[in-house]
Structures are given as structure tokens and as C-alpha cells.
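Novice: Before I ask anything, here is the structure I am working with.
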Amino acid sequence: MIASTRPGQVLTENFDTNIPSVLIHEIIDGKPLYRKGYLEVLAKTKNVEDIMGSSSLQAFLITYLTIWIGKQIDDRKYTILTNEAGLHIDNKNNLSGDLMIFDNQILGIQKINKKYADVPPKISIEVDIDITLEGELSEKAYIFIKTKKLLEFGAEKVIWFLTESKKVVVATTDAEWQTYHWNGDVEILDGITCNVGAYLREKGSEFA
């Protein structure tokens, strides 16, 4: 089962009212995190529509992961949400996910509605970063903060695929976080594995 969601509502701090809310990708601890390219939109060198989509590589990998996992997953037990699925943690935290896998006993069909999901995914998968990194917020710091939020909310595993470094970060609550080259197999859940590097090589991609 695959579904998507719409925004929830959170309280924001340090919010610049001159910046349209459509440019907010996520809110963490009440702080809005803006989409990549939002400065160009404010400078009127790009339109909002120009920055809303993923790169073709990012979309290619998200599609691969969604189809590959979807073919093998037991949809009697799990639901996949994709398409920047929204996750409402509390009144100061709204996150966005590339691919989230939920236990159907946690996210039952009655919770599939026009709001953000408000229960933790079992597995959260991210491909690259979709926000503008500003100030002291580095890529490493953002990955750490978002991953920690997801695990504290109840996610069992958070997986990041990073196209620039060709790395995979796997984080769980009961073990040290691990970083691998993406040419190796990565277990998603229930024995389902994927290998992004091998898939790109098979397709003849220069990014393998």
C-alpha cells in the first residue's frame, strides 16, 4: 500500500513572515528549514515550481527503492508512504520523508487521511538532503538531528543514501550508527536488502 500526505500544523520560532510557507521543507524544534533554492526564489531568479522537484538522480533512486521494496514487502503487515511523506511529531516538529515504512498495527487504514502521519515509521529512508544548509547547520549536523528525532519518536531504523559521497548511513537505537560505501548490500527489514551502487552499475549510470 502506497500513500502520500498533506501538511500538519506546528508552532514556529524565528519565522520570517516575508518568506512564503511553501518554501519551508521541514520544521525542527520550531525552526523552519527551507527548501534548496529558496534564496533564488526570493531573489526572483527562480520560481517556486523550479525548486519543488527532486534531481533526476534522487528521484531515480527513490523510485528504485520504492519499487524494489514494494515488490518484496508484505503489505498485510506494512504500509509504504513516499512522495515527501509528512510526519508530525509534536507541535514544534514536522518532518518530511522520501520513503517511510509503517507497521499496519501502528498506522492503520483509519489513520490514512489528509493530514501528516502522527505515528512513528518502522523504517525511514532518505535520499540526499532537500534543505538549504545555513549558519552552523552542516550536512552532518542535519543528518544527526533529523535521525535522532526519528529514533526518539519511535523509528526502529533510519537509512540515508547520499549521492555526493556514495555513502549509506544506517542508524538504530540499539547499536552504533554505521556508515558504508553504497556498493554493499543494505538490509531494510525482514531480510529485504538493496544495493544502490550495484543497481546504478547495472543501469550503466556514471554515478555508480
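The values are calculated or read from the model by the stated rules, or taken from the named source; none is laboratory data. Just so we're clear, the structure is a prediction, and the values are computed from it rather than from any experiment. As a convention, Cβ positions derive from the backbone with ideal geometry for all residues, glycine included, and neighbour counts pool all protein chains shown.
Novice: Can E49 be described as at pLDDT below 95, assigned to a helix (DSSP H, G or I) and surrounded by fewer than 14 Cβ atoms within 10 Å (Cβ to Cβ)? Before you say what the answer is, go through the steps one by one.
Specialist: Working: at pLDDT below 95: yes; assigned to a helix (DSSP H, G or I): yes; surrounded by fewer than 14 Cβ atoms within 10 Å (Cβ to Cβ): yes.
It is true that E49 is at pLDDT below 95, assigned to a helix (DSSP H, G or I) and surrounded by fewer than 14 Cβ atoms within 10 Å (Cβ to Cβ).
Novice: Further, regarding this structure: In the set S4, S56, which member is modelled with pLDDT under 85 and surrounded by fewer than 17 Cβ atoms within 10 Å (Cβ to Cβ)? Walk me through how you get there before you give the answer.
Specialist: Working: S56 fails: modelled with pLDDT under 85.
Testing whether each residue is modelled with pLDDT under 85 and surrounded by fewer than 17 Cβ atoms within 10 Å (Cβ to Cβ) leaves just S4.
Novice: So the check is Cβ under 7 Å with 6+ separation or different chains; which pairs have a first residue in the stretch 82-105 that's in contact (Cβ under 8 Å) with a residue 24 or more places away in the chain and assigned to a loop (DSSP other than H, G, I, E, B) and a second one that's surrounded by fewer than 20 Cβ atoms within 10 Å (Cβ to Cβ) and small (G, A, S)?
Specialist: Every condition considered, the pairs that remain are K92/G30.
Novice: Oh, and also: Restricting attention to the stretch 121-138, does a residue exist that is buried (at least 16 other Cβ atoms within 10 Å of the Cβ), assigned to a strand (DSSP E or B) and in contact with a Cys (Cβ under 9 Å, 6 or more places away or on another chain)?
Specialist: At the first step, the residues of the stretch 121-138 found to be buried (at least 16 other Cβ atoms within 10 Å of the Cβ) are 121-132.
Next, only the ones that are assigned to a strand (DSSP E or B) stay: 123-127, 131.
After this cut, where a residue has to be in contact with a Cys (Cβ under 9 Å, 6 or more places away or on another chain) as well, the list is none.
Taking every residue of the stretch 121-138 in turn, none turns out to be buried (at least 16 other Cβ atoms within 10 Å of the Cβ), assigned to a strand (DSSP E or B) and in contact with a Cys (Cβ under 9 Å, 6 or more places away or on another chain).
Novice: I would also like to ask the following. Go through (1) part of a loop (DSSP other than H, G, I, E, B); (2) out of contact with any helix residue (DSSP H, G or I) (no Cβ under 8 Å at 6 or more places or on another chain); (3) touching a residue at least 40 places away in the same chain (Cβ under 8 Å) for F207 and report which single condition fails.
Specialist: Failed condition: (2).
Novice: Is it true that some residue in the stretch 133-156 is polar (S, T, N, Q), modelled with pLDDT of 95 or more, out of contact with any Lys or Arg (no Cβ under 6 Å at 6 or more places or on another chain) and under 18 Å from T193 (Cα atoms)?
Specialist: no
Novice: Now for a different question. Among the residues of the stretch 170-199, which ones are free of Cβ contacts under 8 Å to residues at least 40 places away in the same chain, aliphatic (A, V, I, L, M) and either part of a loop (DSSP other than H, G, I, E, B) or touching an Asp or Glu at 6+ places or on another chain (Cβ under 9 Å) (or both)? Lay out the reasoning, then the answer.
Specialist: From the stretch 170-199, those free of Cβ contacts under 8 Å to residues at least 40 places away in the same chain are 170-187, 191, 193, 195, 197-198; that's our starting set.
So of that shortlist, the ones also aliphatic (A, V, I, L, M) come out as 170-171, 175, 186, 198.
V170, A175, A198, listed by residue number.
Novice: While we're on this one: Of all residues in the stretch 153-165 being without any contact (Cβ under 8 Å) to a residue 40 or more places away in the chain and in contact with a strand residue (DSSP E or B) (Cβ under 6 Å, 6 or more places away or on another chain), which is nearest to S54 (Cα to Cα)?
Specialist: W160
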